[in-house]
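Undergrad: The structure that follows is given in the form of structure tokens.
The values are calculated or read from the model by the stated rules, or taken from the named source; none is laboratory data. Quick caveat: nothing in here was measured; it's all calculated off a predicted structure. Neighbour counts run over all protein chains shown; Cβ positions are idealised from the backbone, glycine included.
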Amino acid sequence: MPESNPVPPLREPVLVAAFEGWNDAGEAASAAVAHLIEVWDARKVAELDPEDYYDFQVNRPKVAVEDGVRRITWPTTRIYVSTGASGAHDVVLIEGIEPSIRWRTYAAELVDVATRLGVRTVITLGAFLADVPHTRAIPITTSSDDAAVQERFGAEPSEYQGPTGIVGVLSEAVRAAGLEALSCWAAVPHYAGGPPSPKAALALLGRLEELLEVSIPTRTLADEARAWERGIDEMAESDDEVADYVQSLEEANDTAELPEASGDAIAREFERYLRGHEDDQT
């Protein structure tokens with residue numbers, strides 16, 4: 001493992017990864033992983049050598065002063081381990097920037113890290129801009145090309161064809177290594193696609209709760225999501241064209257969502273509410 005610290009044996013570890021850049025509209029996916037690192041008190045165990053994968057004219061290092069000493073932070077990919085999740089799995093978390101070069105080698109190195117840590121399931125997170133209203137639940141798509149994974153996690157086969165990012169390349173490398181791969185994507189309103197996008201990050205975490213069967217503390221992020229939505233409301237109220245457009249998206253969304261008002265969907269939402277209520281009381 002690159003530049004690694006010792007890692008004790010993990011409990012049926014699952015890997016969750018997100019990457020800044022093309023796969024990360026509104027920085028929702030990277031924010032979701034950053035939130036998990038914080039609330040689960042994850043420990044950094046390794047990082048990739050940035051010289052191998054990044055063009056520093058595209059992703060420049062940053063200079064900061066700490067305790068009177070100037071330090072340079074290099075863009076890279078970091079691997080964390082959390083043993084603080086409430087479910088049956090420990091979690092390996094990967095956060096980084098989509099690499100500039102050598103994508104296949106990069107993906108192979110991350111797969112090697114996963115294999116060494118005993119990971120069998122890899123979940124990648126992403127976010128894209130879409131024609132969806134900010135006033136409704138953020139749509140989350142969960143996909144996999146593995147029929148067994150589709151059945152186990154309630155995922156759909158991916159029908160996307162076109163340019164891909166590092167998420168797609170990593171998922172293919174994961175499958176080629178014989179591991180389970182699935183992706184969760186949040187649809188971010190394109191008229192409010194600038195970062196941050198806490199409502200989309202919150203939706204991704206809600207889906208992870210279902211997949212991992214864990215409870216994720218999200219009280220602070222939920223407050224940020226409500227503030228974000230109020231800010232977009234104010235923008236729409238000050239512009240009739242935006243308001244009309246949002247209303248048209250709401251009507252299209254509500255019509256499309258009618259079949260979703262099933263007993264199972266209502267039960268899932270109620271369970272999530274109860275978990276969030278318990279978090280607020282702790």
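Undergrad: Mind listing whichever residues of the range 204-259 are under 27 Å from the mean Cα position of the chain (by Cα) and part of a loop (DSSP other than H, G, I, E, B)?
TA: Glu213, Val214, Ser215, Ile216, Pro217, Thr218
Undergrad: Can you name every residue in the range 240-253 that is of a type in the set (D, E, K, R) and either closer than 13 Å to Asp131 by Cα or surrounded by 13 or more Cβ atoms within 10 Å (Cβ to Cβ) (or both)?
TA: Glu250, Glu251
Undergrad: Condition test on Pro50, is it loosely packed, with under 14 Cβ neighbours inside 10 Å and either in contact with a helix residue (DSSP H, G or I) (Cβ under 6 Å, 6 or more places away or on another chain) or touching a residue at least 12 places away in the same chain (Cβ under 8 Å) (or both)?
TA: no
Undergrad: Out of the residues in the range 122-165 that are within 15 Å of the chain's Cα centre (by Cα) and polar (S, T, N, Q), which is surrounded by the most Cβ atoms within 10 Å (Cβ to Cβ)?
TA: Looking at the filtered set, the residue picked out is Thr124.
Undergrad: Another question about this same structure. For the range 91-121, give me each residue that is buried (at least 19 other Cβ atoms within 10 Å of the Cβ) and of a type in the set (Lys, Arg).
TA: Answer for the range 91-121, where residues must be buried (at least 19 other Cβ atoms within 10 Å of the Cβ) and of a type in the set (Lys, Arg): there is none.
Undergrad: Now for a separate question. Taking Pro198 as the residue in question, decide whether it is more than 30 Å from Arg116 (Cβ to Cβ) and modelled with pLDDT of 95 or more.
TA: So Pro198 passes the test.
Undergrad: How about the range 71-86: which of its residues are crowded, with 16+ Cβ neighbours inside 10 Å, in a loop (DSSP other than H, G, I, E, B) and of a type outside the set (S, T, N, Q)?
TA: Pro75, Ala85, listed by residue number.
Condition check ((1) assigned to a loop (DSSP other than H, G, I, E, B); (2) surrounded by 21 or more Cβ atoms within 10 Å (Cβ to Cβ); (3) of a type in the set (D, E, K, R)) across all residues:
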| position | (1), (2), (3) |
| --- | --- |
| Val7 | yes, no, no |
| Ala17 | no, yes, no |
| Ala28 | no, yes, no |
| Ala34 | no, no, no |
| Glu38 | no, no, yes |
| Asp55 | yes, no, yes |
| Arg60 | yes, no, yes |
| Ala64 | no, no, no |
